[in-house]
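Okay, so here's the structure we're looking at.
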Amino acid sequence: MKKKIGLLFSIIFLVCSSFTSSASFTPVQKKAFTSTPALTFPNHFFHQYIISLNLKELKKIIGRRLTFKEKLGFKLYQHQLKRQLKNGEASGNNGTTSLVLGIAGIAALFIPYVQIAAIPCLILALIFGYNTKRKFPKNKDAKTGILLGWIGLGLVAATFAVVLTIFTGGF
């Protein structure tokens, strides 16, 4: 019985940890997965499998009756997972990558000798942001990363124009 509870917690842990990773998941071939072949498949399919499970199938996998708390928790988890998949939050972290690169690029603009690293960060923020926005238009991290990328590149252009004006004797 402890093995089955451990299996349930490991499934939940793997699903929760897959939100921050874009790697694939390989299910462990146990008694619970005898009907599922041991193939490597993307997180999206695993999430769809969890969403499609009903309480009877989960009861079969675990091998015991679920308590009311477990049933409620599982249904809430399914609802949260459905919402995240619909909004594109659980399908990868390129929107978050875009946001982080945008923040890092703007921060690097104000650090001497690191300013040159700001330009690639800001360009990558735009690339990741637009790729994620194309797939998931509602992803707020991607939109913010794009905005920060353009603001940062605007600051780079303004700084370059001011420095160029000063060195050419414009002031």
Condition met for residue 68 (over 30 Å from residue 51 (Cβ atoms) and either of a type in the set (A, V, I, L, M) or exposed (fewer than 11 other Cβ atoms within 10 Å of the Cβ) (or both)): no
Filtering helices (runs of 4 or more DSSP H) wholly in segment 54-131 for at least 2 residues that are at pLDDT below 90 and among the aliphatic types (A, V, I, L, M) gives 55-62, 68-87
Could you please find all residues in segment 132-167 being closer than 16 Å to residue 97 by Cα, in a helix (DSSP H, G or I) and of a type in the set (A, V, I, L, M, F, W, C)? 142, 146, 147, 148, 150
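The values are calculated or read from the model by the stated rules, or taken from the named source; none is laboratory data. Model, not experiment: these values are computed from the prediction. Virtual Cβ from ideal backbone geometry, glycine too; neighbours counted across all protein chains shown.
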